[in-house]
Amino acid sequence: AKEDGRNNFHFFTEEIEKEALRKRQLEQDLNRAIENQEFELYYQPIETLDAEVISAEALIRWNHPLRGLVSPIEFIPFMEETSLIAPLGEWILKQACQDAMHWDHHCSVPPKVSVNISTRQFQNQNMPALVKQILTDTGLSADRLTLEITESLMIDDEDSTIHQLNSLRLMGVALSVDDFGTGYSSLSYLKKFPVSYLKIDRSFIQGLPNCQEDSALVEAILSMAESLRLQVVAEGVETSSQANYLASLKCRYIQGYWLSKPIPQHDFCNYLNTKLNS
Ligand code: C2E
Ligand code: CA
Ligand code: CA
Ligand code: CA
């Protein structure tokens, strides 16, 4: 038994060392990636039920020289733990605003752009100042930009958070609550914070229309949103029966593979233009 304990201990420290090594490696990799511009934005449309594209959500991809396309779930959480999220977040915001300006010149009906912002970015940076700077630099008007935030930002209820969100809203930037319903957060934040959109998390959409619990939750969210005058986007819509059901509930906006997967930036205008011709 004594032997065993020792082996376990060795096994344990080895695992911890491996994990630390993996993290050091990832940090080096990511630092290089920022310098070498290995990141790329993809866009996924958010559309009305009549297939009008109202916004495009920027989703980051990492073109790793050896590993190929790396998903954000593999590096965003790590970047949030370190301070790397600040420079990357700035790059994403600026690139997304530039891309939206590009659509203005090349697409007949240019949509808005939606950008995911980590809670960490609000804690480490003055977001209204950064956004204002980027809008000025790129020339994009504030009402073309939506920031997707999560409930975790509203949980701590800090004065500084409310202040930042109010400034952004006053500038004309819209705020959207991402993954709505998954955040263990009290709903009272909805009356304190100036949000315009709720994005119903994919996990509630998956079971539609057959799962009674999911249907009940989605209906409840839609009716609450209507009373509070919030717009609703259903995320992760994959089938026509989900879309039809959402239409029957008068959910105005949908997003998901059923409409389109995320599209590389250089193909997105094409998507917009072929849509108009079909
Ligand atoms: P999210 O913001 O909730 O984004 C939605 C995710 O669901 C995206 O995964 C998208 O590709 C995927 N998706 C969209 N439609 C469907 C569908 O119909 N079915 C299924 N199964 N999946 C669908 P992705 O691009 O891998 O991003 C994962 C998460 O990484 C995002 O979740 C977001 O939290 C984070 N993320 C992505 N890009 C950024 C970014 O630029 N900045 C920050 N801070 N986070 C980002
Ligand atoms: Ca999002
Ligand atoms: Ca989401
Ligand atoms: Ca998510």
Study note, to complete from the structure: Taking first residues from segment 185-203 that are within 23 Å of residue 172 (Cα to Cα) and among the basic types (Lys, Arg) and second residues anywhere that are assigned to a helix (DSSP H, G or I) and more than 14 Å from ligand 2 (Cβ to nearest atom), the pairs with Cβ under 7 Å that are 6 or more apart or on different chains are 192/162
Exercise for review: Give segment 157-188 a look and list any residue that's more than 16 Å from ligand 2 (Cβ to nearest atom), assigned to a loop (DSSP other than H, G, I, E, B) and polar (S, T, N, Q), or say none.
Suggested key: 185, 186, 188
**Study point:** Filtered residues of segment 194-216 (kept if of a type outside the set (Ser, Thr, Tyr), out of contact with any helix residue (DSSP H, G or I) (no Cβ under 7 Å at 6 or more places or on another chain) and either in a helix (DSSP H, G or I) or open to solvent by less than 30 Å² (accessible area, probe 1.4 Å) (or both))
**Key:** 195, 199, 201, 202, 212, 213, 216
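So which residues in segment 239-278 are open to solvent by 90 Å² or more (accessible area, probe 1.4 Å), assigned to a loop (DSSP other than H, G, I, E, B) and free of Cβ contacts under 8 Å to residues at least 40 places away in the same chain, if there are any at all?
250, 257, 258, 278
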Practice item. Only residues that are polar (S, T, N, Q) and crowded, with 18+ Cβ neighbours inside 10 Å: list them for segment 58-97, please. Key: 95
Study note, to complete from the structure: residue 154 fails exactly one of (1) part of a helix (DSSP H, G or I); (2) closer than 19 Å to residue 197 by Cα; (3) modelled with pLDDT of 95 or more, namely (3)
Practice item. Tell me which residues, restricted to segment 157-168, are within 27 Å of residue 99 (Cα to Cα) and either at pLDDT below 95 or open to solvent by 10 Å² or more (accessible area, probe 1.4 Å) (or both). Key: 164, 166, 167
Check your understanding: For segment 44-97, what are the residues that are over 15 Å from residue 148 (Cα atoms), in a strand (DSSP E or B) and among the small types (Gly, Ala, Ser)?
Key -> 68
Check your understanding: Since residue 113 meets every condition but one in (1) hydrophobic (A, V, I, L, M, F, W, C); (2) outside any strand (DSSP E or B); (3) closer than 22 Å to residue 271 by Cβ, which condition does it not meet?
Key -> (2)
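Is it the case that segment 141-151 has a residue that's farther than 16 Å from residue 122 by Cα, within 16 Å of ligand 2 (Cβ to nearest atom) and either open to solvent by less than 40 Å² (accessible area, probe 1.4 Å) or of a type in the set (Phe, Trp, Tyr) (or both)?
yes
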**Study point:** Per-region count, segment 98-127, residues open to solvent by less than 20 Å² (accessible area, probe 1.4 Å) and more than 20 Å from residue 151 (Cα to Cα)
**Key:** 6
Review point. What are the residues in segment 120-157 that are over 14 Å from residue 90 (Cα atoms) and within 16 Å of ligand 3 (Cβ to nearest atom), if any?
Key: 146, 148, 149, 150, 151, 152, 153, 154
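The values are calculated or read from the model by the stated rules, or taken from the named source; none is laboratory data. Predicted model only: the values in this text are computed from it and were never measured. Using ideal geometry, Cβ is built from the backbone for each residue, glycine included, and neighbour counts are taken over all protein chains shown. Keep in mind that these areas ignore ligands, DNA and RNA; they rest on the heavy atoms of the full protein, side chains included. Shrake-Rupley method; radii C 1.70, N 1.55, O 1.52, S 1.80 Å.
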